[in-house]
């Protein structure tokens, strides 16, 4: 049996299996019922490993042990495997969430906070910079930076970026507004993001920009800016830079302020 490497790679990624596991599993699927020895030969996996691998697959719900001599293994239908994996992932996530919630207010968190505070005190402000890869990581860090805002948030983004921020960051904007933080957002207005413009206008001052830039400035001190055009890069490969530099952030904000004066608010929301 020959299974292409790219297909095995997909199975490893989707089902969180190692290479030997996907080889044995696909071999078992091709036979329906088989012994460990037969499967090791078909999958080209060492016999000394096949029993451990099949035991692992059985625990994960991919196979069933058929009692007898010799012991045989029965393949679980792929549709059922998918449902089992989904259930297991959900249960593991729920368990991990509960364990993390239990850490709140404990000595473990206090100790970690103490370590972090001591570490930050030793860091030069110029060292508080970093590269952020992948849009998911970018937005996670944006949330962290925004949560610390005390006075102002200035955002310039693209037409698509405006819609993403409505979906992913509006709850944070609402909390900031309640705390009295001034939020300004500029982006090109289009028919596609008209609803997002209206939605964000309830929590921020939104204006139409002719510039396609992507950055966020918090309190004129901290800045996250993206270095790629979101129309031309896959979200996985998006790249941003986080910098904690009042000098640099304030300079960019001053330039934005000059452009902001010439920008127009949405019709009816001036």
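Things to note:
- All positions within the stretch 140-185 that are in a helix (DSSP H, G or I) and in contact with a strand residue (DSSP E or B) (Cβ under 8 Å, 6 or more places away or on another chain): 141, 142, 145, 146, 159, 161, 162, 165, 173, 176, 177
- Residues that are touching a helix residue (DSSP H, G or I) at 6+ places or on another chain (Cβ under 9 Å), assigned by TED's automatic domain parsing to the domain that holds residue 142, in a loop (DSSP other than H, G, I, E, B) and touching a residue at least 60 places away in the same chain (Cβ under 8 Å) occur at least once in the stretch 187-198.
- Unique match (being under 16 Å from residue 155 (Cβ atoms) and at pLDDT 95 or above) among 211, 216: 216
- When 210, 251 are checked against the criterion of being in a helix (DSSP H, G or I) and exposed (fewer than 14 other Cβ atoms within 10 Å of the Cβ), 251 stands alone in meeting it.
- Residue 110 at pLDDT below 90 and not assigned by TED's automatic domain parsing to the domain that holds residue 221: yes
So that you can scan it fast, the table gives a plain yes or no per residue for (1) surrounded by fewer than 16 Cβ atoms within 10 Å (Cβ to Cβ); (2) modelled with pLDDT of 90 or more; (3) closer than 27 Å to residue 258 by Cβ:
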position: 119; (1), (2), (3): yes, no, no
position: 129; (1), (2), (3): yes, no, yes
position: 144; (1), (2), (3): yes, no, no
position: 155; (1), (2), (3): no, yes, yes
position: 165; (1), (2), (3): no, yes, yes
position: 174; (1), (2), (3): yes, yes, no
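- Note on the stretch 55-79: residues that are more than 13 Å from residue 29 (Cα to Cα) and in a helix (DSSP H, G or I) total 4.
- Hey, residue 161 under 24 Å from the mean Cα position of the chain (by Cα) and on the phi > 0 side of the Ramachandran plot or not: no
- Residue within the stretch 225-232 that is assigned to a loop (DSSP other than H, G, I, E, B) and surrounded by 18 or more Cβ atoms within 10 Å (Cβ to Cβ) present: yes
- Of all the residues in the stretch 186-222, those that are over 25 Å from residue 241 (Cβ atoms) and touching a strand residue (DSSP E or B) at 6+ places or on another chain (Cβ under 7 Å) number 5.
- Condition check for residue 267: surrounded by fewer than 16 Cβ atoms within 10 Å (Cβ to Cβ) and not assigned by TED's automatic domain parsing to the domain that holds residue 145: yes
- Residue satisfying all of: in the stretch 124-139; part of a loop (DSSP other than H, G, I, E, B) and in contact (Cβ under 8 Å) with a residue 24 or more places away in the chain; farthest from residue 228 (Cα to Cα) among these: 128
The values are calculated or read from the model by the stated rules, or taken from the named source; none is laboratory data. All figures in this text were calculated on a predicted structure; none of them were measured in a lab. No Cβ is skipped: glycine too gets one built from the backbone with ideal geometry, and neighbour counts run over all protein chains shown.
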